[in-house]
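The values are calculated or read from the model by the stated rules, or taken from the named source; none is laboratory data. Please read all numbers here as calculations on a predicted model, not as lab measurements. All Cβ positions, even for glycine, are placed from backbone atoms using ideal geometry, and neighbour counts span all protein chains on display. Quick note on the areas: whole protein, heavy atoms, side chains included, nothing else; ligands and nucleic acids left out. Shrake-Rupley method; radii C 1.70, N 1.55, O 1.52, S 1.80 Å.
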Amino acid sequence: MNQAPLELAKPTLIASAVDRAGFDIGWDHAHHGLVPPAELLHPGTPVCHGWTAAKAVFGCRTLSASRRTRLWLQLRLLAWRRGLAFDTQQVTPNYLGQIEVDLCPIRRVPLGGAAGQADAAVVERLNPQAGYAAGNLATMSAAVAAAREGIDCQQAVRQARLAEQTGAPVRGLGAAAWWRLAALLALATPLPFAEVARLPLAVLPPNRVRLLNAAQGLQALVTQMFAAPGWSARCRNFAQWLPEHTLRHDFNLFIGAMAPRALEAASHPGGPRAGLEDAWLQERVQRRWQHFVLSLGEDATACLLERAAGAPVAGKRVLCHAPEQATEGWALPPPRPPLPLARSRGILMPHGARLLKPARPPSSRPGTIPPPGVPTTHA
C-alpha cells in the first residue's frame, strides 16, 4: 500500500506546556472523529498540529464521541484558551457524568435546552482561583453561570444581602438563590473558620465536590442525618461524641431548632432536599448552629468531622482526603497570609441574624488533633 509522507510539527512547536495541551486537544478531537473549531485549524497552531498528526495515525479508525466526550473536549478547549489548568487524569467524560444533575442547584429549575439558553446545563469551576479539577466542578444553569461571572463567595454574600434589602432580584437571582450560590462557592474555597461558621448551608454539596472547610463539612453531615427516617437516634449518637456536656446541650438546642424544619421538609414543594436547604435560611436555626460550632472551635470541629465521616449517614458515602491531596491538580496560586478576624467579622450572615461570639474557649488544644481530611460526597 502506498502511503504519502506527512509533515508534522517540529518538537520545538510543542515544547511548552500550553502548546502540549493544545496538541493533545487536537489529537483527541481527531481520535474521536471530531473537528476542532475552524479558527484553531490554521497551520502552525498546536491544536492543528495535534489534529493533523492524529488524523495520520488513526485515519478512519476513530472512537465514538458521546455527549460527555464532546463536553469534555469543549471544557478542555475553554481552559486552554483561558490559560487555565485542566486535570485530564481525573476530569474525564465518566467524571462529568457523575456530576450531572437534573435540576439547577441554585435556581431549582430543570436543566435542558440548547447551548446559550438560560436553562442549559453548564459545568463551572467553584473556586475561581483553581483550574478544572476534580472536586472543583459543579453543574448549574447557564443563567446562574452568567450571573456569577467575576463573583466569588464573599461577593455572592453581598449580592444576597442586597437582594434581601431591596426585595428585588440582583443579576436575575433572588436572595435565596444568592445564598445558595454563596454556599456552593464556599464549599471549594478555603475560608477563615469564623466566616464559614456563619454561612448558612443553603445548598447541600453536589456529588464529588470536595469540602475544604471543616465547619461546612460538619454542617453537611448533620443535615444529612435528617434526610431519612431514624434521624432522632442518629442525632443522639452524634451528641455522644461531643467532649463536653455543655457542647451536647448546645447541639441539642440546635437540633430543637432544626427538627421542625426537617419534619416540614417532607412536604416541601421542591422536595425534601430543598426543604432541608431552606431550613438553614431560618434565623433560629442559623443562630443555634453558630453558637454550637463557634463554641466547639476549629480543631475540635475538624476532629469531630473526621470521626463522623466514618459512619454511614442517610445512605451517603463520604470520603476524607488527606490535606495535601484535597487540592491536587487544582493549580492554586501560593496561599496568602490569613486576614485578621476583625476585617472579616460578621460578613457571612443571613439577613436579620445576630452575630454571636463563642460562649467559651474552644474545647480542643492546638497541636493535639491530626490534620483533618477533606470530605467528598458521593451519591
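Among the GluC sites (Glu not before Pro) found in region 180-272, those both in a DSSP coil and sparsely packed, with 13 or fewer other Cβ atoms within 10 Å of their Cβ, are 244.
Counting charges near residue 130 (Lys, Arg +1; Asp, Glu -1) among other residues having Cβ under 13 Å from its Cβ returns a value of -1.
Can you figure out the FRET efficiency of residue 98 with residue 168, using R₀ = 35 Å and their beta-carbon distance, to the nearest 0.05? Each step should come with its number before you reach the end.
On the way: r = 37 Å, r/R0 = 1.05.
Computed FRET efficiency for residue 98 and residue 168 comes out at 0.45.
Which of rounded, prolate, oblate describes region 108-192, given a ≥ b ≥ c as roots of the alpha-carbon gyration tensor eigenvalues and a/c under 1.5 marking rounded, otherwise prolate only if a/b is larger than b/c? Oblate is the answer for region 108-192, as a/c is 1.5 or above yet b/c matches or exceeds a/b. Computed on the Cα trace of region 40-193, the radius of gyration divided by the Kirkwood hydrodynamic radius gives Rg/Rh = 1.05.
So if R0 is 56 Å, what FRET efficiency would residue 253 and residue 18 give, r being the distance between their Cβ atoms, rounded to the nearest 0.05? Don't jump to the answer; show the numbers that get you there.
Working: r = 55 Å, r/R0 = 0.97.
The computed FRET efficiency comes out at 0.55.
With a cut-off of at most 12 other beta carbons within 10 Å, and DSSP calling the residue loop, which chymotrypsin sites (Phe, Trp or Tyr not before Pro) in region 20-84 qualify? Please list them. Within region 20-84, no chymotrypsin sites (Phe, Trp or Tyr not before Pro) qualify (loop, at most 12 other Cβ atoms within 10 Å). 3J(HN,Hα) along region 109-116, derived from phi through the Karplus expression 6.51 cos²θ - 1.76 cosθ + 1.60 where θ = phi - 60°, amounts to 10, x, 8, x, x, 6, 4, x Hz, with x in place of Gly and Pro. Looking at region 50-112, the accessible area is 56 square angstrom per residue; that uses a 1.4 Å probe and ignores ligands, DNA and RNA. For region 16-160, the share of accessible area belonging to carbon and sulfur comes to 54 percent (1.4 Å probe, ligands and nucleic acids excluded).
Just the number please: accessible area per residue for region 157-306, 1.4 Å probe, all protein chains included, in Å².
Details: 5310 Å² over 150 residues.
Each residue of region 157-306 exposes 35 Å² on average to a 1.4 Å probe.
For region 217-261, what % of the accessible area comes from carbon and sulfur atoms, probe 1.4 Å? Taking all protein chains in place, region 217-261 shows 56 percent carbon and sulfur surface. With a cut-off of 12 Å between beta carbons, the residues surrounding residue 239 carry a summed charge of +1, where Lys and Arg count +1 and Asp and Glu -1. Using the Cβ of residue 271 as centre and a radius below 15 Å, the other residues enclosed give a net charge of +1, where K and R count +1 and D and E count -1. Normalised by the number of residues in region 196-304, what is the relative contact order in percent for Cα pairs under 8 Å and 6+ residues apart? The normalised contact order for region 196-304 reaches 37 percent.
Highest-first packing order for the peptide set 106-116, 291-301, 59-69, 150-160 is 291-301, 150-160, 106-116, 59-69, based on the mean count of other beta carbon atoms within 10 Å.
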